[in-house]
Amino acid sequence: MSKIMINNIVRDMTEEEQSSFDTERNLELSKIPEYKLEKVRVIRNEKLFQTDWLVTSEKIIDAEKTWRQSLRDIPADHTDENAYDLLLARDPSTKELTHAIWSKP
């Protein structure tokens with residue numbers, strides 16, 4: 001729990017204050033390109049990890065090889081904040097990522 005100072009008195013934040021603080025902090029962080037790129041890398045690494053077994057099992061098809069390569073190329077191919085926003089976009093109702101690069105063939 002974080003601390004807050006009110007009238008020169010330091011105390012623990014209430015759950016509501018902490019939630020509001022966390023929301024505002026996440027909003028601020030989400031505006032930072034490096035933070036967005038890190039989120040993209042985490043998602044990318046997760047997708048690669050989930051399909052690593054295909055490579056070792058030799059059951060991978062060419063479309064999957066191409067898809068995995070495009071995932072590895074994300075940092076080189078998507079280099080600005082607008083690109084990160086597109087990569088991190090989610091469907092409002094399902095919360096699923098909407099960029100085509102995340103869809104496994």
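Okay, here's what the table says:
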quantity: Among the listed pairs LYS39/LYS59; LYS36/LYS59; LYS3/LYS95; LYS39/LYS95, those beyond 26 Å (Cα-Cα); calculated: LYS39/LYS59; LYS36/LYS59; LYS3/LYS95
quantity: Calculated FRET efficiency for the pair GLU24/ASP73, C-beta based, R₀ 30 Å, to 0.05; calculated: 0.30
quantity: Cα-centred dipole magnitude for the chain, charges only on beta-carbon of K, R (+1) and D, E (-1), debye, nearest 20; calculated: 300
quantity: Cα-based helix-to-principal-axis angle, 62-72 vs the chain, degrees rounded to 10; calculated: 30
quantity: Within the chain, longest stretch free of exposed GluC sites (Glu not before Pro) [DSSP loop, at most 15 other beta carbons within 10 Å]; calculated: 1-57
quantity: On Cα atoms only, tilt of 15-30 relative to the major axis of the chain in degrees; calculated: 50
quantity: Spacing of the two label points (7 Å from each Cα toward its C-beta) at ASN82 and ASN7, in nm; calculated: 5.1
quantity: Positive-end extreme of charge dipole, the chain - chosen from SER70, ILE60, VAL40 (charges on Cβ); calculated: ILE60
quantity: Whole-Hz ³J(HN,Hα) from phi, Karplus 6.51 cos²θ - 1.76 cosθ + 1.60, for region 92-105, glycine and proline x; calculated: x, 8, 9, 6, 7, 5, 9, 5, 4, 4, 7, 7, 5, x
quantity: Proxy reagent accessibility, fewest Cβ within 10 Å first, across LYS36, LYS104, LYS95; calculated: LYS95, LYS104, LYS36
quantity: Degrees between helix 33-57 axis and first principal axis of the chain (Cα, 0 to 90, nearest 10); calculated: 40
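Read-outs: derived from the displayed coordinates by stated rules, not from any lab. Please read these numbers as outputs of a predicted model, since none were measured by experiment. Glycine gets a Cβ as well: all are built from the backbone with ideal geometry, and neighbour counts include every protein chain shown.
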